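I have placed the structure first, in the form of structure tokens, so that the comments after it can refer back to it.
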Ligand SMILES: N[C@@H](CCC(=O)N[C@@H](CS)C(=O)NCC(=O)O)C(=O)O
């Protein structure tokens, strides 16, 4: 199997962290690719052209993080990323994916030339990210989101989302007023799987 990724993608990083945490990395070759590029090595495998894309041995291209992580669970890793029947774990994972989607939209706006940016979109996504972060701060301060043992899909997704904000979307200063979330993130980010997949810093 081959995992197409780019070093800056928070979604691809979720899969890369999961492969390391579950001990499945030896079964998947990580292939760095390019995005929004007609010559991308990814396009012959997946016309959608997005990462993460997991290319299976029979040529099937599995895309979407929310589909790839459950597929990895079927490979018999060290522990389940999304335990079967655990609706709360899926809800938590889905919420973080929604948060990351919104930050991605916000980041895309900021990469436009200033006169093409939509203040309305930026305000909407700033509000969405802040709302979710505030909910997380309250939950963690109340003892939720414990970091005992290796992280499940939701924890991996949240670590990669905040890691994206730290290094590739610094327009969002998420730490002030959220000490529990900040301490939680710092503890998770110290894990070897996160350290091995740090995204490059961008100018934003
Ligand atoms: N919903 C997708 C989002 C993946 C995604 O947006 N990937 C970005 C990189 S972070 C991408 O490949 N963008 C290329 C493009 O939009 O052409 C998932 O969860 O995997």
Hey, residue 97 within 15 Å of the ligand (Cβ to nearest atom) and either under 22 Å from residue 25 (Cα atoms) or modelled with pLDDT under 95 (or both) or not: no
Hits in the range 87-133 - residues which are in a loop (DSSP other than H, G, I, E, B) and surrounded by 14 or more Cβ atoms within 10 Å (Cβ to Cβ): 117
Test result for residue 189, surrounded by fewer than 21 Cβ atoms within 10 Å (Cβ to Cβ), within 25 Å of residue 77 (Cα to Cα) and modelled with pLDDT of 95 or more: yes
Total residues in the range 100-131, condition within 16 Å of the ligand (Cβ to nearest atom) and closer than 21 Å to residue 159 by Cβ: 11
Flag for residue 170 being outside any helix (DSSP H, G or I) and outside the structural domain of residue 23 (by TED's automatic domain parsing): yes
Flag if residue 198 is over 17 Å from residue 104 (Cβ atoms), surrounded by fewer than 21 Cβ atoms within 10 Å (Cβ to Cβ) and within 16 Å of the chain's Cα centre (by Cα): yes
Identity of the residue in the range 5-44, in a loop (DSSP other than H, G, I, E, B) and under 29 Å from residue 79 (Cα atoms), that ends up farthest from the ligand (Cβ to nearest atom): 23
Among (1) away from the ligand (no atom under 16 Å from the Cβ); (2) outside the structural domain of residue 185 (by TED's automatic domain parsing) - the single one residue 82 does not satisfy: (1)
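The values are calculated or read from the model by the stated rules, or taken from the named source; none is laboratory data. Keep in mind that this is a model prediction, so the values were computed, not measured. Glycine gets a Cβ as well: all are built from the backbone with ideal geometry, and neighbour counts include every protein chain shown.
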